[in-house]
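*Asks:* First, the structure itself, so that you have it in front of you.
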Amino acid sequence: MIGQEDPSKTEKATGKRRDKQRNDGNVAKGEEISKVMVLLAGVVSLRIFIGYYYEQFYEIYHWTFSEAINLQVDKNMAYTLFVWGLKKMAILTVPFMLVIAFVAWLTGRLQVGPLWTTKPLKPKFDKLTNIMGGLKKLMLSPDTLIKLAKSLLQALAVGIAPYIVIKQEMPNLLPLFHANVHGIIAFLLSSGYRMACYALVPMIIIAIVDLVYQRWNYEEQIKMTKDEVKDERKQAEGDPKVKQKQRAKMMEMMASRMFQDIPKADVVITNPTHFAIALQYDAMVAPAPRVLAKGVNRLAERIKEVAREHSIPIEQNAPLAQALYKQVEIGDTIPEELFQAVAAILAKLEKFKSR
């Protein structure tokens with residue numbers, strides 16, 4: 001189909017979408033450029049190997065017109081001629097076919113890169129269930145008309161090229177009756193080369209236009225809707241709702257563990273209303289006081305409630321409470337610049353007066 005039938009698909013395909021299409025064997029590939037490159041490789045090979053083919057054809061024609069006429073054919077001779085013919089065919093075709101095969105592989109590789117998948121070969125049974133719909137699409141789709149137009153243009157190019165060459169060489173056909181082997185071979189090779197060159201020019205133009213169209217059409221076909229892009233981004237980054245639930249669950253677990261540690265605290269420093277930080281000082285555990293729990297607003301009130309339940313002293317010091325809340329994470333020791341302020345509070349506690 002030409003372009004994008006679904007008007008809602010306005011977004012360019014993401015990398016994930018492109019990888020999926022590629023793994024399924026759906027890639028932007030111009031078939032006509034492969035054909036033209038193979039034909040061009042054949043013409044160039046013919047030009048390069050012209051001397052080699054000249055020698056081979058000369059040997060074949062010379063033997064045919066000079067020795068084969070008087071040859072007595074029996075079973076052994078027939079077998080010998082058969083083997084000789086196979087060898088000559090191999091000598092003539094194998095180098096040519098190897099060059100063409102390599103160029104065909106290289107053209108495909110340059111177009112789609114390294115790709116190996118068997119998915120395009122798997123039968124699609126869902127398409128078999130809708131035979132009439134498939135036939136209708138095959139007969140009436142714009143892609144079918146474009147392929148038909150390309151085929152007609154190529155056939156026209158291939159058909160006109162021999163006509164032009166033969167028309168130009170008409171005066172030279174009759175003199176071939178009196179020509180020697182060298183002249184006949186030279187005429188055939190020269191004419192074939194010119195036919196191929198004449199056909200190549202329009203076919204190259206068709207191939208370039210087809211390649212541009214195929215790449216444009218491929219980009220249109222793999223476009224995505226905005227919702228599809230959003231869904232894919234959610235899958236890659238994680239659903240925000242799920243992440244929010246996970247974060248809430250993690251905070252709940254941290255709060256639960258934090259409240260379990262509050263009874264171990266030596267003092268709770270408050271703002272007095274907004275912040276609450278529970279501190280523990282045990283030289284056997286850490287060289288400096290540690291923050292066991294901290295919270296703001298409702299969580300701060302809950303920390304103070306737990307502290308009162310376990311008879312933990314609560315000291316009001318707004319600047320120190322704010323500094324501890326902002327600078328120290330739960331489980332960490334207080335920074336050196338807060339040692340003096342915290343030590344002054346701990347020194348007032350009954351637990352530390354003896355020290």
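*Asks:* Checking the cross-link filter: which aspartates and glutamates have an alpha carbon closer than 15 Å to that of Lys147, excluding same-chain neighbours under 8 positions apart?
*Replies:* Cα-Cα hits under 15 Å: Glu31, Glu32, Asp210.
*Asks:* In degrees from 0 to 90, rounded to the nearest 10, what is the angle of the helix 50-66 Cα long axis to the longest principal axis of the chain?
*Replies:* For 50-66 against the chain, the angle is about 30 degrees.
*Asks:* Here is a follow-up. Tell me the label-point distance for the pair Ala179, Arg298, using the 7 Å Cα-to-Cβ offset, in nm and rounded to one decimal.
*Replies:* If labels sit at Ala179 and Arg298, their model points lie 10.1 nm apart.
*Asks:* With θ set to phi - 60° and the Karplus curve 6.51 cos²θ - 1.76 cosθ + 1.60, what are the ³J(HN,Hα) couplings of region 222-230 in order, to the nearest whole Hz, using x for Gly and Pro?
*Replies:* These are the phi-based 3J(HN,Hα) values: 9, 4, 10, 7, 4, 5, 5, 5, 5 Hz.
*Asks:* By how many nm would the segment from Arg308 to Phe82 lengthen if fully extended, with 0.36 nm per residue of separation less the alpha-carbon distance?
*Replies:* 70.3 nm
*Asks:* Measure nothing but the geometry: give the 0 to 90° angle between the long axis through the Cα atoms of 240-261 and the longest principal axis through the Cα atoms of the chain, rounded to 10°.
*Replies:* Between helix and principal axis, roughly 30 degrees.
*Asks:* With springs connecting C-alpha atoms under 10 Å apart, model the chain as a Gaussian network and identify which of Thr273, Thr107, Thr225 has the largest mean-square fluctuation.
*Replies:* Largest GNM mean-square fluctuation: Thr273.
*Asks:* Shifting gears a bit: Which whole-number percent is the relative contact order of the chain (Cα, under 8 Å, 6+ apart)?
*Replies:* 21 percent
*Asks:* Follow-up question, since we're still on this one. Under a Cβ-only charge scheme (Lys and Arg +1, Asp and Glu -1), can you give me the dipole magnitude of the chain about the Cα centre, in debye to the nearest 20?
*Replies:* About 740 debye.
*Asks:* Based on the Cβ-Cβ distance from Asp282 to Lys326, what FRET efficiency comes out when R0 is 25 Å, to the nearest 0.05?
*Replies:* 0.55
*Asks:* Okay, next question. Tell me, what ³J(HN,Hα) does each residue in region 183-194 have, in order and in whole Hz, if you take phi through Karplus 6.51 cos²θ - 1.76 cosθ + 1.60 with θ = phi - 60° and put x for Gly and Pro?
*Replies:* Here the 3J(HN,Hα) series is x, 5, 5, 4, 5, 4, 5, 5, 5, x, 5, 5 Hz.
*Asks:* Hey, another quick one. Write down the Å³ per residue value for the convex hull defined by the alpha carbon atoms of the chain.
*Replies:* 327 Å³
*Asks:* While we're on this one: May I ask you to order 97-106, 166-175, 289-298, 206-215 by the average number of other C-beta atoms within 10 Å around their residues, highest value first?
*Replies:* 289-298, 206-215, 97-106, 166-175
*Asks:* Right, something else. Taking only DSSP H segments of four or more residues, each worth -39500 (n - 2.57), what value at 222 nm results for the chain once the sum is divided by all its residues, to the nearest 500 deg cm²/dmol?
*Replies:* -22500 deg cm²/dmol
*Asks:* Shifting gears a bit: For region 86-98, just list the computed ³J(HN,Hα) in residue order, Karplus coefficients 6.51, -1.76 and 1.60, θ = phi - 60°, integers in Hz, with x standing in for Gly and Pro.
*Replies:* Ordered by residue, 3J(HN,Hα) equals 5, 4, 5, 4, 5, 4, 7, 9, 4, x, 4, 5, 5 Hz.
*Asks:* Please name whichever of Met284, Val103, Val209 sits farthest to the positive end of the charge dipole of the chain, dipole taken about the Cα centre and charges placed at Cβ: Lys and Arg +1, Asp and Glu -1.
*Replies:* Checking the options against the dipole of the chain, the answer is Met284.
*Asks:* Once the Cα gyration tensor of region 303-355 is found, what semi-axes does its equivalent ellipsoid get, as square roots of 5 times the eigenvalues, in whole Å, sorted largest first?
*Replies:* 19, 16, 10
*Asks:* Please calculate how many Å² of accessible area region 24-104 carries per residue, with a 1.4 Å probe and no DNA, RNA or ligand atoms counted.
*Replies:* For region 24-104, the per-residue accessible area is 67 Å².
*Asks:* List the residues, sorted by chain then number, that are 5 or more residues from Glu315 or on another chain and whose placed amide H is less than 5 Å from its amide H.
*Replies:* Under 5 Å from the amide H of Glu315: Val268, Ile269, Thr270.
*Asks:* Right, another one. Collect residues whose amide H, placed 1.01 Å from N in the peptide plane, falls under 5 Å from the amide H of Ala276; neighbours closer than 5 in sequence don't count.
*Replies:* When sequence neighbours closer than 5 places are left aside, the close amide H contacts are Gly295.
*Asks:* For the cross-link pairs Lys35/Lys87; Lys12/Lys35; Lys264/Lys348; Lys249/Lys326, which exceed 20 Å when the distance is taken from alpha carbon to alpha carbon?
*Replies:* Lys35/Lys87; Lys12/Lys35; Lys249/Lys326, as the Cα separations exceed 20 Å there.
*Asks:* Going by average Cβ density within 10 Å per residue, which order do the peptides 70-77, 256-263, 16-23 take, highest to lowest?
*Replies:* Top of the packing list down: 256-263, 16-23, 70-77.
*Asks:* Select from Met250, Val267, His310 the residue farthest towards the positive end of the dipole of region 248-355; place +1 on Cβ of Lys and Arg, -1 on Cβ of Asp and Glu, and compute about the Cα centre.
*Replies:* Result: His310.
*Asks:* What residues have an amide H closer than 5 Å to that of Ala13, excluding those fewer than 5 places away on the same chain, when H is modeled at 1.01 Å from N in the peptide plane?
*Replies:* Residues meeting the criterion, in which the H sits 1.01 Å from N, are Met224.
*Asks:* Quote the FRET efficiency, to the nearest 0.05, computed for Asn172 versus Glu228 with a Förster distance R0 of 45 Å and r equal to the Cβ-Cβ distance.
*Replies:* Taking R0 as 45 Å, the efficiency between Asn172 and Glu228 is 0.10.
The values are calculated or read from the model by the stated rules, or taken from the named source; none is laboratory data. This one's a predicted model, so the numbers in the text were calculated from it and none came from an experiment. Please note: Cβ atoms are built from the backbone with ideal geometry, for glycine as well, and neighbour counts cover all protein chains shown. We work out accessible area using only protein heavy atoms, side chains counted, and drop any ligands, DNA or RNA first. Shrake-Rupley method; radii C 1.70, N 1.55, O 1.52, S 1.80 Å.
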